[in-house]
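Structure first, then comments.
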Amino acid sequence: MSERRTTRAVIPAAGLGTRFLPATKSQPKEMLPIVDRPAIEYVVEEAHDCGLSDISIISRPEKTSLEGHFAPVPDLVALLTEQGKEDLLAGLRRIDELGSVNFIYQPDPRGLGDAIAHAEHHVGENPFAVLLADDLMVDGGTLLTRMLDVHQERQATVLALIEVPDDQISAYGSVAAELVEPGLMQVHHIVEKPSPADAPSNLAVIGRYVFTPGIFAAIGETELGVGGELQITDAIGTLINSEPVFGVVFSHGRFDVGQKLDFLRATVEIALDRGDLGPEFAQLLVETLKRRGLV
Ligand code: UTP
């Protein structure tokens, strides 16, 4: 058992966001709002709520709005205070409560493996969690907490796994794994974006990881892969040769907000969950569907 629990989180957000063009032409994908908070804020909040107090976002110098979102705004706070706009102030305070966020630049987005490699000087010889900024988990931190627990018990890298239909596996990394206890697999093999015929299983890797620092050497040994990018999946494949790698299987609460349909699904679900909007929004949805003859 390790003495201390992992406190470091790395959130890669330096990508080009091409699937969301033209919205992402001059605006980071990670800043697109889900209701009234940008996607990145949900992810930073998840890390914070799971006890990860040392949070780094991997960004690019052009993505200035990411840094702006986590910077203090004393003049705006003073104005809203003067105007007595408590509800709006609460949203700003919520960001301040997340604590300071560190920024690391990946000037040329050459893939997730490369993005994570840029965090090496910051995390050093310590384990760390990685949360992809376009994968939202609305599960009260259950998945990441379980992954951190498994990491602490086994001192090993832990991946998040979800079962997907045959025709979707080619969008993910796919693993060959054996069950070691309910909901926990040991991963023996991993392939990035396989064709359904070549996929080792329907278990897909999604955007939560807890890595041992051994991942940095593995990334260093990895060559460019699918799409000419330095794939973290390939580096995990290298890591498996020298260290055990585990996977926590989960089934719900995930939204891939880098994808248009899932972005809309996240917006609907999160809006329905909101006390201030949910009831009225539910009514609006029902009325709209009825008017269009869809229900
Ligand atoms: P994605 O592959 O989903 O993001 O990476 P992308 O490349 O920006 O999107 P598309 O495919 O062009 O639409 C998952 C996360 O990893 C970050 C992205 O910003 C995103 O939040 N990422 C990706 C990096 O930080 N660096 C990279 O080199 C690639």
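Nothing in this text is a laboratory measurement; each read-out follows from the coordinates by a stated rule. This structure is a prediction, so every number in the text was calculated from the model and none was measured. In this analysis, Cβ positions are derived from the backbone assuming ideal geometry, glycine residues included, and neighbour counts consider all displayed protein chains.
What to note about this one:
- Footprinting exposure proxy for His151, His121, His69, His189 (fewest neighbouring C-beta atoms within 10 Å first): His121, His189, His69, His151
- For peptides 41-54, 78-91, sequence by mean Cβ density within 10 Å, most packed first: 41-54, 78-91
- Under 5 Å, built H, 5+ apart or other chain: amide partners of Ile55: Ala9, Asn102
- Selection from Ile58, Met31, Pro109, by position along the positive dipole direction of segment 24-116 (Cβ): Pro109
- Degrees separating the helix 39-49 axis from the principal Cα axis of the chain, which is the longest one: 70
- Value of Rg/Rh across segment 48-93 [Cα atoms, Kirkwood radius]: 1.08
- Extension gain for Glu280-Asp75 works out to 70.5 nm (0.36 nm per residue, less the C-alpha to C-alpha distance).
- Equivalent-ellipsoid semi-axes of the chain, from the Cα gyration tensor, Å, largest first: 32, 24, 19
- Site pair Glu163 and Ser251 shows an inter-label distance of 0.7 nm when each label is modelled 7 Å from Cα along Cα→Cβ.
- Simple point charges give the picture: +1 on the Cβ of Lys and Arg, -1 on the Cβ of Asp and Glu, and for the chain a dipole about the Cα centre of about 600 debye.
- For Ile190, nonlocal amide neighbours, meaning residues 5 or more places apart or on other chains whose placed amide H falls under 5 Å from its own, are Ala176.
- Across segment 193-202, computed HN-Hα scalar couplings (Karplus, 6.51 cos²θ - 1.76 cosθ + 1.60, θ = phi - 60°) run 6, x, 6, x, 5, 9, 5, x, 6, 8 Hz from first to last residue, x flagging Gly and Pro.
- For segment 109-117, putting each phi into the Karplus relation 6.51 cos²θ - 1.76 cosθ + 1.60 with θ = phi - 60° gives couplings of x, 9, x, 5, x, 5, 4, 5, 4 Hz, in residue order, rounded to whole numbers and with x for Gly and Pro.
- Segment Glu153..Arg4, full-extension length gain: 52.5 nm, with 0.36 nm per residue of separation and the alpha-carbon distance subtracted.
- Local electrostatic count, Ile236, Cβ distance below 11 Å [Lys/Arg +1, Asp/Glu -1]: -3
- Peptides 24-36, 211-223 ranked from most to least packed by the mean count of surrounding Cβ atoms within 10 Å: 211-223, 24-36.
- Exposure proxy ranking for Ile232, Ile270, Ile58, based on other Cβ atoms within 10 angstrom of each Cβ and starting from the fewest, stands as Ile270, Ile58, Ile232.
- At the listed q of 0.11 Å⁻¹, the Debye profile of segment 137-202, built from one uniform point per Cα, gives log10 I(q)/I(0) equal to -0.29.
- Shape summary of segment 86-141, radius of gyration then Dmax from alpha carbon positions: 15.1, 43 Å.
- Annotation: amide H-H contacts under 5 Å for Tyr105 (H modelled 1.01 Å from N, sequence separation of 5 or more, or interchain): Ser59.
- With contributions of -39500 (n - 2.57) from each DSSP H run of at least four residues, the per-residue ellipticity at 222 nm computed over the chain stands at -10500 deg cm²/dmol.
- Gyration tensor (Cα) of segment 96-230, equivalent ellipsoid semi-axes in angstrom: 24, 20, 15
- 11 Å beta-carbon shell around Ile55, net charge (K/R +1, D/E -1): -2
- Principal-axis analysis of the Cα atoms of the chain puts helix 86-96 at an angle of about 20° to the longest axis.
- On Cα atoms only, tilt of 278-291 relative to the major axis of the chain in degrees: 90
- Within the chain, antiparallel bridges make up roughly 65 percent of the DSSP beta bridges whose residues both belong there.
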